[in-house]
Amino acid sequence: MKMRFWGVRGSTPTPTLDNYRYGGNTSCVEVRTPGGEILILDCGTGLRMLGKQLLAEFGQRAVQAYVFLSHFHWDHIQGIPFFEPLYNPENSFSFHSFPSHIRDVEEALGDQMSNPYFPVDMTAMRAQRKFHKIAQEVLSFQDVVVKTIPLNHPQGCLGYRIECGGHALVYATDNEPGSAEHDRNVRKLAEGADVFVYDAQYTPLEYVSLKKGWGHSTWREAVNIAQEARVGQLVLFHHDPDHNDGFLDSVLGETQKFFPNSVMAWEGMGIDLASGEHTHPRDPAERRTGSRQPIHVPLRVQGMRADGTPFEEEAVLENLSLGGAYFLLENDPNPESPIEVEFMVSTEMLLGQALRTLKTQLVRSHSVKFHNTTKCGVAVMFR
Ligand SMILES: [Zn+2]
Ligand SMILES: [Zn+2]
């Protein structure tokens, strides 16, 4: 089995420069079986580019695919009107999800294209379309077994386990921990999976302070499940719209301390379950270091240590790029806290008056031998 991520963002698309490395499209994952079946997990805005890929690959040949929707929130269905293969009568798609108590699967998908929300309704889609209501069950077709289980999310959600050729992947997004039944469900679904894709929208701090009851999880709960269910690889998914690339890098660093075989889902990532290979994003530091210039000016740096206590320290800037800066500190900053950097020079020369004090986010920190002492080398991205 092979999988490819076409959209990894939660809640709403985020096409901004500081998200470009992990990507801004919403949830969509393609799965291919060795027998050539195509499965599509969720239809967020990432689905549009999957459609273009299928057109390029199939040409005049018919496309047939099984679509599994976790639920009907915008970030999981919004790509459907823009999925070109649905407008070709030669193609066929079978959509699977749970019926909500007010709309069945076909109505729930058709409503987003009703007047006045979209210029054509779903009847303009000439492909053969079938709609299947599913609940907690086991479906078998061709060489594939799909198992589903309810997750804890407002208005409901389904998690999916796909088994084929001796391998298993689990797609469990939009799930909030804390309900005993659903906590059991997700662990049962994930048991022994090669790849476990899980909702890690919030940091633990964001979750406990602001986001309880919003229906999402954290990287720490992802680690708990991955360890308890003994999965092979953890893929953190459904990134928060307010978490930029640098922030996601720091979350991944924390996650890997507890579960080393973790990756942060990025748009375009492919995983081959048979060989265990997956494509890697570009080096997280590459964008910052690509155009860096050595420059030595005094700084005043304020931030938080890992234990939550604040620090303020004078340091020297080592180098600077359009995206960020690198310097050495005595303190080891907490990756989840912002770092404020004040340039102690006449800043018209350097960055323009408005940028004298910059809010930044840690990208990476590592210990550096500096004369006879050890310092913390800190790379930050400007926010
Ligand atoms: Zn979502
Ligand atoms: Zn949702």
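The values are calculated or read from the model by the stated rules, or taken from the named source; none is laboratory data. Source: prediction; values computed, not measured. Please note: Cβ atoms are built from the backbone with ideal geometry, for glycine as well, and neighbour counts cover all protein chains shown.
Structure notes:
- S97 vs. criteria polar (S, T, N, Q) and away from ligand 1 (no atom under 16 Å from the Cβ): no
- Scanning region 139-149 for residues that are within 20 Å of D104 (Cα to Cα) and surrounded by fewer than 19 Cβ atoms within 10 Å (Cβ to Cβ) gives a single hit, L139.
- Cβ-Cβ contacts under 9 Å between residues 6 or more apart (or on different chains), taken from a first residue in region 14-27 that is closer than 17 Å to R383 by Cβ and modelled with pLDDT of 90 or more to a second residue that is within 16 Å of ligand 1 (Cβ to nearest atom) and outside any loop (DSSP other than H, G, I, E, B), are listed as T14/T26; T14/H239; Y22/R9; Y22/H239; G24/G7; G24/R9.
- The listed residue being away from ligand 2 (no atom under 16 Å from the Cβ), out of contact with any strand residue (DSSP E or B) (no Cβ under 9 Å at 6 or more places or on another chain) and among the hydrophobic types (A, V, I, L, M, F, W, C), out of L17, L39: L17
- With respect to (1) under 20 Å from the mean Cα position of the chain (by Cα); (2) away from ligand 1 (no atom under 16 Å from the Cβ), the lone exception for E84 is condition (1).
- Taking each residue of region 174-195 that is over 14 Å from C157 (Cα atoms) and looking for partners that are more than 16 Å from ligand 2 (Cβ to nearest atom) and assigned to a helix (DSSP H, G or I) with beta-carbon atoms closer than 7 Å, six or more apart or interchain, yields R187/I225; R187/E228; A190/I225.
- Test result for G10, within 15 Å of ligand 1 (Cβ to nearest atom) and either more than 17 Å from the chain's Cα centre (by Cα) or not aliphatic (A, V, I, L, M) (or both): yes
- The set of residues in region 130-160 being away from ligand 1 (no atom under 16 Å from the Cβ) and assigned to a loop (DSSP other than H, G, I, E, B) consists of I134, A135, Q136, E137, Q142, D143.
- Of all the residues in region 20-36, those that are closer than 13 Å to K2 by Cα, touching a strand residue (DSSP E or B) at 6+ places or on another chain (Cβ under 9 Å) and either away from ligand 2 (no atom under 16 Å from the Cβ) or among the polar types (S, T, N, Q) (or both) number 6.
- Filtered by the rule that a residue be within 16 Å of ligand 1 (Cβ to nearest atom) and either over 15 Å from T173 (Cα atoms) or touching a residue at least 60 places away in the same chain (Cβ under 8 Å) (or both), region 71-81 gives H71, F72, H73, W74, D75, H76, Q78, G79, I80.
- Condition check for A127: small (G, A, S), crowded, with 18+ Cβ neighbours inside 10 Å and more than 16 Å from ligand 1 (Cβ to nearest atom): yes
- Counting the residues of region 40-58 that are of a type outside the set (A, V, I, L, M) and within 16 Å of ligand 1 (Cβ to nearest atom) gives 5.
- S100 being buried (at least 21 other Cβ atoms within 10 Å of the Cβ), assigned by TED's automatic domain parsing to the domain that holds I134, within 15 Å of ligand 2 (Cβ to nearest atom) and assigned to a loop (DSSP other than H, G, I, E, B): no
- Test: residue in region 59-70 that is of a type outside the set (A, V, I, L, M, F, W, C) and within 16 Å of ligand 1 (Cβ to nearest atom): yes
- When region 66-97 is limited to residues that are within 16 Å of ligand 2 (Cβ to nearest atom) and among the aromatic types (F, W, Y), the one that is nearest to S140 (Cα to Cα) turns out to be F68.
- Selection status of S92, within 16 Å of ligand 1 (Cβ to nearest atom) and touching a residue at least 24 places away in the same chain (Cβ under 8 Å): no
- The strands (runs of 3 or more DSSP E) located wholly in region 161-267 that include 3 or more residues which are within 16 Å of ligand 1 (Cβ to nearest atom) occupy 195-199, 233-237.
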